[in-house]
Amino acid sequence: MKKTFLAAIASVIIISTVQSQVIKSPAEFLGYELGTQFTYQYRAVDYFRYIAGNSPLALYREYGTTNEGRTLGVCFVSSEENLANLEEYRKNNLIKAGLLKGEFTGKQIPFIWLAYNVHGNEAVGMEAAIKTLYTLVSGSYPGVSEYLKSCIIVIDPCQNPDGHDLYTNRYRNTMNSITNPNAESWEHNQGWPGARTNHYLFDLNRDWTWQTQAETQQRLSFYDQFMPQVHADFHEMGVESTFFFAPAANPWNTVITPWQHEFHKLMGDVTSALFNEKFKLYFTKESFDLFYPSYGDTWPILNGAVGFTFEQGGGGPAGVEYKLESGDTLTLKDRIDGHFTASMAAIKVSYENREKLISEYNQYFEEGMKNPQFQYKSVIIKGSNEKANMADFLKLLERNQIRYSYAGNTGKKFNGFDYSSEKNGDVTIEKGDILVSAYQPQSHLVKALFEPVSKITDSLTYDITAWALPYVYNLKAFALTERITPDTSKIVIKKIINEDSKTKPYAYVANFTGFDELRFMAALFNKNVKLRYSLYPFVLNGNNFNRGSIVVTRGDNKDVELTFDKIVTTAANECQVQLIPTITGLVDSGKDFGSENTPLVKKRSVALLCGEGTSQTSVGEIWYFFEKELKYPVTLINTETTKKFDLKDYEVVILTTGKYSKIKDTIFNYVKKGGRVIAIEKAISLFAGEKTTALAKAIETRTAEQKLTDKKIKSDDSTLLKKFEYENENRYKLSENSIGSIYKVRLDDTHPYTFGMSKDWFVLTDTSGYPYLTTGSNIGYILEKEPVSGFAGFKFKDKIKNTLVIGSEKIGSGEVVYITDDPYFRAFWKSGRVLLGNTIFR
């Protein structure tokens, strides 16, 4: 024992001596000591590149760029020999996981991935990453030499550079020259938007599975090339909190293996020992669970690694120094040391369990290929589904390395779970149907994403409780217990090519099926082309056209006559929309093109209110929707400046969830003069609280009816004692809530806002709903109390039945559209795009 200890000390001294001769410390390189101020992200990149250029133990790899042009990259840290063989280790990992064809050479050691600063204002992460990197290459920590011989450590210092630098710039701009720990100081109180999110105001730690954001897409594309055995994600929490580390709280996703459970306990044991040595306070098994599949701990777990979250008390308000309620001062140096200590714990426990990590990792993927745990062995996705949603669904599978193929057994009938009807039914496999088999390397992830009802062991969870992909994309799909044989022929996506017409058609017609046609409308509006859409189905030259189908006539567009055909065909090809040229405006049946039932629409100006009072993530979703999906201009107007304008230059104003009482008069005047407001989630309260609206009158009627039927509890009723026990208070509150559960919405498919959405839609809901309107339009509504999937409390269920989800009413010369729940949740709920597009363009 004594000899081992002396050998370890000698190793540290030798490595430290050799490296310190050539490697600058962070203080020497940056010009200040870590913990005295926040480092700009580009300087951290400079330091990582400097280390890689001057140490044989580090290799820097750039993997992408952010929306604002900042560099994304990592350092690999290991022995010289391991780094020389990095490509061999990488390929062997993927071969053993079944994700790469090739011959395994017998060499496999753990990849330990340390990821920091996914939330921009949790800026201590990057500072800790700098310290961790220097410590490893300088050898200034006991055991480092052995760690590097047996493991490859990957350090991603900043997953969200745009958010980080927004925070850092603001903090440096407002920081006192004499450090001020007073919580009321400007430096501790940054404004809207908070710097937690990325450029488009997305929470990147909710985006791992969905991969909607550029940072996530590039990071996980790089991650997939290595598939590490351990992934640790470093965060900050409330400034008065201490430190959280594994084991995680309940509930855990049922896909998580016994070994992943065990390793969480091992991580907790090692981390607590290191924290005990420094007398640091901490907690485990509370608050941070492992249920939602799109966190920086759960997604790696579902991809074969063991994932962890570390949470240091502090966050954006903490700054460089912060006076706590206890009277103590929390310093940036303290916070850096917390994450540094946790980083070394993660490396240490991984090193000590390196052989088991490898064997369990290999078994995880082998089991998925040979003996999947999912009760359904095959999922059939009908090839007849709306093609835009289908294309994005397949893209999601590819990004998550989930294999799919055409389904074999064409023409054969099977019985399985029908996601749409929520019960078993028959399905006949047809040519073009897609098969997702449970027999594949990503079998565990398939189970997590396709399980019709996510099994939850504790309703006190940190996030949503339902996400089954067929509901997300509103796809006709069936889960079968049989193993279906794949059709191995190559999947071919037929590309639509509209040829330039040799004659001058009277009009071009496009059947409306979904989001591709909305993008086509946007592309035409961007070129100032006017178009019409049909309120009723029609038949033209033997072709059937749905409600909402697009009619672009030459007569409506004389101002672009010279380029008319080129504009229309180019836009249709870019949006993959099939055009039918016609030489007449007279239809076989239905309404002719000049009818008032085929109304003319032109480019509309759209405003999106943002700023204080609004939810930045909700604003970000809509901003992203316009710029990245619809590709149509939107003007973001800050609520603080809205009073200066009457909004008359905008045909549509969007209010995401938030409070707008300060500008109530401005908004109501805008609507009364002919504007259209789309009010989403809590923004509806602005109109619900105005007694003159149809919505307010409906609420008043419902409230009066409920008072007559409500059973009053007497003040001496002993059941009140249990309901409001301190320990059970949070659990009792759950009875009135939905924790992101999925409900089926019945649609009025004759209404223009639901064109292309079929008769039923699925929405992720946490709102108990509004009553039906007695005047106006009840466009989408929930008829059943039970959710399709996810947790809803018993009181919530009683309230949600027979409630409005989508509605509209006239106010003055204008209109308000109500959408009670987020139709485009985190930009992954793709089936809601058509609703949003229709409310803007129809």
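Give the residues of region 273-284 that are open to solvent by 10 Å² or more (accessible area, probe 1.4 Å) and either touching a residue at least 40 places away in the same chain (Cβ under 8 Å) or not in a loop (DSSP other than H, G, I, E, B) (or both), sorted by residue number.
Looking only at region 273-284, we keep the residues that are open to solvent by 10 Å² or more (accessible area, probe 1.4 Å), and these are 273-274, 276-284.
Of everything in region 273-284, those that are open to solvent by 10 Å² or more (accessible area, probe 1.4 Å) and either touching a residue at least 40 places away in the same chain (Cβ under 8 Å) or not in a loop (DSSP other than H, G, I, E, B) (or both) turn out to be 273, 274, 276, 277, 278, 280, 282, 283, 284.
Looking only at residues of region 488-543 that are hydroxyl-bearing (Ser, Thr, Tyr) and closer than 30 Å to residue 435 by Cβ, we find that the one that is modelled with the lowest pLDDT is 488.
Could you say which residue among 67, 82 is in contact with a Ser or Thr (Cβ under 9 Å, 6 or more places away or on another chain) and over 30 Å from residue 180 (Cβ atoms)?
On the way: 67 fails: in contact with a Ser or Thr (Cβ under 9 Å, 6 or more places away or on another chain).
None of the other options fit; the residue is 82.
Within region 784-842, the residues that satisfy the criterion of being modelled with pLDDT of 95 or more, in a loop (DSSP other than H, G, I, E, B), touching a strand residue (DSSP E or B) at 6+ places or on another chain (Cβ under 9 Å) and among the hydrophobic types (A, V, I, L, M, F, W, C) are 788, 829. Annotation: residue 773 fulfils all but one of (1) in a strand (DSSP E or B); (2) surrounded by 19 or more Cβ atoms within 10 Å (Cβ to Cβ); the unmet one is (1).
Out of curiosity, is residue 618 crowded, with 22+ Cβ neighbours inside 10 Å, polar (S, T, N, Q), at pLDDT 95 or above and not in a loop (DSSP other than H, G, I, E, B)? It would help to see each step written out before you state the result.
On the way: crowded, with 22+ Cβ neighbours inside 10 Å: yes; polar (S, T, N, Q): yes; at pLDDT 95 or above: yes; not in a loop (DSSP other than H, G, I, E, B): yes.
Yes; evaluated as a whole, the condition is true for this residue.
Residue pairs whose Cβ atoms lie under 7 Å apart, sitting 6 or more positions apart in sequence or on different chains, and linking a residue in region 361-373 that is buried (at least 19 other Cβ atoms within 10 Å of the Cβ) to a partner that is of a type in the set (Val, Ile, Thr), are 364/257. Within region 36-92, the residues that satisfy the criterion of being assigned to a helix (DSSP H, G or I) and over 30 Å from residue 105 (Cα atoms) are 41, 42, 43, 44, 45, 46, 47, 48, 49, 50, 51, 54. Against the list (1) among the polar types (S, T, N, Q); (2) open to solvent by 10 Å² or more (accessible area, probe 1.4 Å); (3) assigned to a helix (DSSP H, G or I), the condition residue 108 fails is (3). Only one entry in 294, 287, 241 is surrounded by 21 or more Cβ atoms within 10 Å (Cβ to Cβ) and assigned to a loop (DSSP other than H, G, I, E, B), namely 294.
Right, residue 317: under 21 Å from residue 166 (Cα atoms) and either at pLDDT 95 or above or charged (D, E, K, R) (or both) or not? Yes.
Please determine whether any residue of region 310-322 is assigned to a strand (DSSP E or B) and within 27 Å of residue 224 (Cβ to Cβ). Scanning region 310-322 turns up at least one residue that is assigned to a strand (DSSP E or B) and within 27 Å of residue 224 (Cβ to Cβ).
If you check 255, 270, 306, 320, which single one turns out to be under 19 Å from residue 465 (Cα atoms), among the hydrophobic types (A, V, I, L, M, F, W, C) and either surrounded by fewer than 24 Cβ atoms within 10 Å (Cβ to Cβ) or touching a strand residue (DSSP E or B) at 6+ places or on another chain (Cβ under 7 Å) (or both)? It would help to see each step written out before you state the result.
Values: 270 fails: under 19 Å from residue 465 (Cα atoms); 306 fails: under 19 Å from residue 465 (Cα atoms); 320 fails: under 19 Å from residue 465 (Cα atoms).
Criteria check complete, one pass: 255.
Yes/no matrix, rows are residues, columns are (1) touching a Ser or Thr at 6+ places or on another chain (Cβ under 9 Å); (2) modelled with pLDDT of 95 or more; (3) open to solvent by 60 Å² or more (accessible area, probe 1.4 Å):
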position: 401; (1), (2), (3): no, yes, no
position: 406; (1), (2), (3): yes, yes, no
position: 412; (1), (2), (3): yes, yes, yes
position: 424; (1), (2), (3): no, yes, yes
position: 429; (1), (2), (3): yes, yes, no
position: 433; (1), (2), (3): yes, yes, no
position: 436; (1), (2), (3): yes, yes, no
position: 445; (1), (2), (3): yes, yes, no
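Working carefully through the options 122, 146, 184, find the one that is in a loop (DSSP other than H, G, I, E, B), among the charged types (D, E, K, R) and over 23 Å from residue 223 (Cβ atoms). Write out each step before concluding.
Details: 122 fails: over 23 Å from residue 223 (Cβ atoms); 146 fails: in a loop (DSSP other than H, G, I, E, B).
Matching residue, one of 122, 146, 184: 184.
From the set of residues in region 46-84 that are under 30 Å from residue 624 (Cβ atoms) and in contact with a Pro (Cβ under 6 Å, 6 or more places away or on another chain), which is least open to solvent (accessible area, probe 1.4 Å)? Applying the filter and picking the extreme gives 66. Taking residue 674, is it surrounded by fewer than 19 Cβ atoms within 10 Å (Cβ to Cβ) and on the phi > 0 side of the Ramachandran plot? Criteria met by residue 674.
Residue-wise test of (1) at pLDDT 95 or above; (2) among the small types (Gly, Ala, Ser); (3) crowded, with 20+ Cβ neighbours inside 10 Å; (4) within 30 Å of residue 196 (Cβ to Cβ).
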site: 555; (1), (2), (3), (4): yes, yes, no, no
site: 579; (1), (2), (3), (4): yes, no, yes, no
site: 586; (1), (2), (3), (4): yes, no, no, no
site: 602; (1), (2), (3), (4): yes, no, no, no
site: 610; (1), (2), (3), (4): yes, no, yes, yes
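The values are calculated or read from the model by the stated rules, or taken from the named source; none is laboratory data. Just so we're clear, the structure is a prediction, and the values are computed from it rather than from any experiment. Please note: Cβ atoms are built from the backbone with ideal geometry, for glycine as well, and neighbour counts cover all protein chains shown. For accessibility, only protein heavy atoms count, side chains too; no ligands or nucleic acids. Shrake-Rupley method; radii C 1.70, N 1.55, O 1.52, S 1.80 Å.
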